[in-house]
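Nothing in this text is a laboratory measurement; each read-out follows from the coordinates by a stated rule. Remember, it's a predicted structure, so these values are computed and weren't measured experimentally. Don't worry about glycine lacking a Cβ; one is built from the backbone with ideal geometry, like all the others, and counts go over all protein chains shown.
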Amino acid sequence: MPYITPLMPAYPELFLLVMVCVILVVDLFVSDDNRIVTYALTQFALAGCLAITFLTSSAQPAYTFSGMFVDDLMSDVLKLLVYAGVMMMLVYSRAYVAARGLFRGEFFMLVLFATLGMMIMISANHLLTLYLGLELQALSLYSMVALQRDSAVATEAAMKYFVLGALASGMLLYGMSMLYGATGTLEITRLAEIIFYGVARDVVLVFALVFIVAGLGFKLGAVPFHMWVPDVYHGAPTAVTLFIGSAPKLAAFAFIMRLLVQGLGAERLVEEWQQMLIVMAVLSLAIGNITAIAQTNLKRMLAYSTIGHMGFLLLGILSGDLIGYGAGMFYVVVYVLMNLGSFGMIMVLSRSGFEAENLEDFKGLNARNPWYAFMMLLLMFSMAGVPPTVGFYAKLSVLQAVINAGYVWLAVIAVLFSLIGAFYYLRLVKLMYFDASQDTAPIEPHGDVRMLMSANGLAMLVFGIMPEPLMALCIDSIQASL
Amino acid sequence: MLLGFPLLSLAIWIPILAGVLVLVTGSDRNAQAARLIALAGAVLGFGVTLPLYTRFDPLASGFQFMEFAPWIESFNVNYHLGIDGVSLLLILLNSFTTVLVVIAGWEVIKTRVAQYMAAFLFLSGVMNGVFAALDALLFYVFFESTLIPMFVIIGVWGGPNRVYAAVKFFLYTLLGSLLFLVALIYLYNVSGGSFSLLDFYRLPLSLPVQVLVFIAFFMAFAVKVPMWPVHTWLPDAHVEAPTGGSVVLAAIMLKLGAYGFIRLSLPILPDGSHYMAGFVIALSLIAVVYIGLVALVQADMKKLIAYSSISHMGFVTLGIFIFNAQGMEGAIIQMISHGFVSGALFLCVGVLYDRMHSRMIADYGGVVNTMPVFAALFMLFALANSGLPGTSGFVGEFMVIMGAVKANFWYAAAAATTLVFGAAYTLWMYKRVIFGAVANHHVAALSDLSAREFLVLGLLALAVLAMGVWPNPFAEVLHTSVNDLLNHVTQSKLP
């Protein structure tokens, strides 16, 4: 039995916090020309977290801070993916933010704080920890959206995000307070036990559940709590949009697992939240996919497509068994990969003073650069869920879970809406391959971006041909943690 | 030492790897290299399928050349391949057609040659995968993967209205196959976690379930066949696709649907198939008669052949769903024959189109005066299309009609009208295009077939004649497989 220090489960978080402070100080002494130092330190901090999480991971859950904080296999896997997602996002956005005067210490600071918030959320075993992590992440994201100070759109988006986000946090907190009132505890594992033995009053629990699901719906961007998504995705600088659309979704997944599944996973409560999630999932699929057709702005289109994808994620979770949770996790991981690639491509095509954010800007990409067009083709077909790309297996595993839970009709609805979804992904492919280009500017990203973009696009195909490792990882980590 | 090789895997992966190679090495500056590599890949791909035929044991029941490897263990999905007589013939047809398509596109395609060739090679490999898959999910993945290359082929190298046609093609076929996927997952759950077709064959299912699953399967396969009334994507796709795309679409892709009925619907859902047979037969007869009439009035040659394809595929589905040996064998022979004949007809139209840039019948007339060799070959294919004895078109149609007489005289009577309509629309088109006085100075300036075109059409002519005169080599590999199939269909699987 190796010796475990009491703080060991929280080592990655502690390391990141220390690094944030170091970077904060170092950045003061770095001139604008050498800002790359801050960038390198940020990447180093994330790589360090990656190494620590990897080395301290174990199959057995370990608790610390008197049971407020847990380190289990699911949290390890999700955290590793968060680091990877943030690192990829930083690589993609380096040139983009530099060209827009955002390549400053604050940017990296906020990214790292948001990451820290996500890590805390992922490892929370206590409603307070969960809430603190959520707020740390959310506050960082609000300010990141507003980072482009003189852009009216960005400021508006930030305002909207903040006001609605605060409202959602309030609802969540209210729900949590009712849980405390009903059970007398804030610790998630204790909560589950008390509910399981039927001591708590069901009426109060269900009431709390409504508020919590509403708060969660907002954080995920599921209908009817989706209003902020298109505006924020559209208004924020693309680098920030990429960030919002990637790692926080992993954290939100963890949030759902901790709160709904671990905390409120008693059978009679599952039935309650299943109903709510069904409504949210179907609405998200419908509104996300149908509204996306009408969009001419790619960022908005991807925002609505995100809403649709979140509907699919909810389908996995509402199946209410290990298969479903594993499928949900696989889906969210694949979604994050696709999202990173698609927004990354927008940044690759953008240059100083020009945002390639309209669908038109992708016209004739195949003639300008066949390789990137092919990568985008893979990403879009993966989003649409066409084999042999990995998006197909994500949809497959969710559908399998849904049918296994006895909701064949839900699966039919889901495939019909994904058919509608296929239309607008296809339209982008059509623009890239079949239309003539209006823009002739050369596409010359840095070497690191080029490699990452290729890896990202090809991953769609590689995981599509060999989905087993990733799928097994998700299923195993869920099984080991619940 | 050919025995040790996984021949089926080679038949799937050689074209795909050749496609990757073409894509990597070929650019527009180096188009000739792309063509040569593509040809080598296609010929090699066809080469590895030949031992499949020589080593195939026509008397053995069940699947041969089985390959098995675990693929996605979390879902118990396996890379499970194997073929019977039906898949054998389709794999041969597919690999053969790919060679022809590569040659046919040799000089015609001038832009993005490497991408064009690669798309066809991918398509070829993937379709071999469909015909060889014995795992339902593997089947589905291959089945769906055909969409992306065909979408790009139609959309990039197609005619003026190509974008509409490409999107319509994609969405139509995707709609069908998504419900098919739901049904497959349902069967996976019912069978206790297996996607193996062989497990599905043994799975007892109640009648309502069988009917529902049948409808889901039917959506996917009927769109692909295509059956009336979900056929409307096909004329659009055919008209806009480049010649090679039309050939592959007609010769192979349409067969995926019929193959799906044979490989999945019938053996997995025998009672559902019987229950729904009347419905399918009705749709098939509507296709044969009504679409035959529609073909008669077409002004566009490609559209005419497209409608003729739908009508002929009606014969295939009719033959499958009358559940007797003649009908079934006739349907399969008709599939192969239609592969040769419709491919050849599209190539003939392509030959004319490359010279005149028009597919309208009205723009032609008197072509025989300037292109006698072409006129002779075109004649042969036109006659085969109308089912003349001595050509491959006759064998399948005759067997299906014989089978239909056994099942119900009126089925046969309705189906036999095709002998009139088929001859009418094909020969009438032929007459207007080929015979008569030279219509205009464009026709007067036509040059006869080049050596490359002659090679392609000549090979197909040989195939059409050989199959018409001596169908036995094709039929003999089918007997056992068809018997197996009919055994499956006659055994009720109700619990």
### Task
For segment B:312-400, please list each of the helices (runs of 4 or more DSSP H) lying entirely inside it that holds at least 1 residues being among the charged types (D, E, K, R).
B:325-356
### Message
Restricting to segment A:330-375, name every residue that is in a helix (DSSP H, G or I), of a type in the set (D, E, K, R) and more than 19 Å from A:Tyr96 (Cα to Cα).
### Response
A:Glu360, A:Arg368
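Return the only residue of A:Met375, A:Met453, A:Met380 being buried (at least 22 other Cβ atoms within 10 Å of the Cβ), within 12 Å of chain B (Cβ to nearest Cβ) and either within 26 Å of the chain's Cα centre (by Cα) or closer than 22 Å to B:Ala220 by Cβ (or both).
Numbers: A:Met375 fails: within 12 Å of chain B (Cβ to nearest Cβ); A:Met453 fails: within 12 Å of chain B (Cβ to nearest Cβ).
After ruling out the rest, the residue left standing is A:Met380.
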### Query
For the subset of segment A:383-405 comprising residues that are among the small types (Gly, Ala, Ser) and in contact with a Phe, Trp or Tyr (Cβ under 6 Å, 6 or more places away or on another chain), which member is farthest from the other protein chains (Cβ to nearest Cβ)?
A:Ala394
### Query
Would segment B:143-159 turn up any residue that is within 11 Å of another protein chain (Cβ to nearest Cβ), farther than 16 Å from A:Gly464 by Cα and outside any helix (DSSP H, G or I)?
yes
### Task
Pick out the one residue from A:Pro387, A:Pro467 that is crowded, with 22+ Cβ neighbours inside 10 Å and touching a strand residue (DSSP E or B) at 6+ places or on another chain (Cβ under 7 Å).
A:Pro467
### Task
Determine whether B:Phe131 is farther than 16 Å from B:Asn94 by Cα, of a type in the set (A, V, I, L, M, F, W, C) and either surrounded by 24 or more Cβ atoms within 10 Å (Cβ to Cβ) or within 17 Å of the chain's Cα centre (by Cα) (or both).
no
### Query
If the Cβ limit is 6 Å and pairs must be 6+ apart or interchain, which residue in segment B:403-430 that is within 21 Å of B:Val297 (Cβ to Cβ) pairs with which residue that is not in a helix (DSSP H, G or I)?
B:Leu419/B:Gly387; B:Gly422/B:Ser386; B:Gly422/B:Gly387; B:Ala423/B:Ser386; B:Thr426/B:Ser386
### Summary
Flagged in segment A:132-159 as assigned to a helix (DSSP H, G or I), among the polar types (S, T, N, Q) and within 19 Å of A:Met89 (Cβ to Cβ), in numbering order, are A:Gln137, A:Ser140, A:Ser143
### Task
Would you check if there is a residue in segment B:259-280 being in a helix (DSSP H, G or I), crowded, with 22+ Cβ neighbours inside 10 Å and within 14 Å of another protein chain (Cβ to nearest Cβ)?
no
### Task
Count, please, the residues in segment A:390-423 that happen to be among the hydroxyl-bearing types (Ser, Thr, Tyr), over 19 Å from A:Ala281 (Cβ atoms) and surrounded by fewer than 24 Cβ atoms within 10 Å (Cβ to Cβ).
0
#### Entry: Sole exception among (1) more than 10 Å from chain A (Cβ to nearest Cβ); (2) aliphatic (A, V, I, L, M); (3) farther than 26 Å from B:Ile83 by Cβ for B:Leu134, by number
(3)
### Query
In segment B:167-204, what residues are of a type in the set (Phe, Trp, Tyr), within 11 Å of chain A (Cβ to nearest Cβ) and assigned to a helix (DSSP H, G or I)?
B:Phe169, B:Phe170, B:Tyr172, B:Phe180, B:Tyr186, B:Tyr188
### Message
Where the second residue is acidic (Asp, Glu) and part of a helix (DSSP H, G or I) and the first is touching a residue at least 24 places away in the same chain (Cβ under 8 Å) and lies in segment A:191-216, which pairs have Cβ atoms under 6 Å and are six or more apart or on separate chains?
### Response
A:Val206/A:Glu272; A:Leu209/A:Glu272
### Query
Within segment A:424-448, how many residues are more than 10 Å from chain B (Cβ to nearest Cβ) and either surrounded by fewer than 20 Cβ atoms within 10 Å (Cβ to Cβ) or part of a loop (DSSP other than H, G, I, E, B) (or both)?
13
### Task
Scan segment A:263-281 and give yes if some residue there is closer than 24 Å to A:Ser140 by Cα and polar (S, T, N, Q), otherwise no.
no
### Residue list for segment A:205-254, restricted to those being closer than 21 Å to A:Ala192 by Cβ, among the aromatic types (Phe, Trp, Tyr) and surrounded by 24 or more Cβ atoms within 10 Å (Cβ to Cβ)
A:Phe253
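Going by what's in this entry, would A:Ala327 be described as under 21 Å from A:Ser284 (Cβ atoms), in contact with a helix residue (DSSP H, G or I) (Cβ under 6 Å, 6 or more places away or on another chain), part of a helix (DSSP H, G or I) and facing chain B (nearest Cβ under 9 Å)?
no
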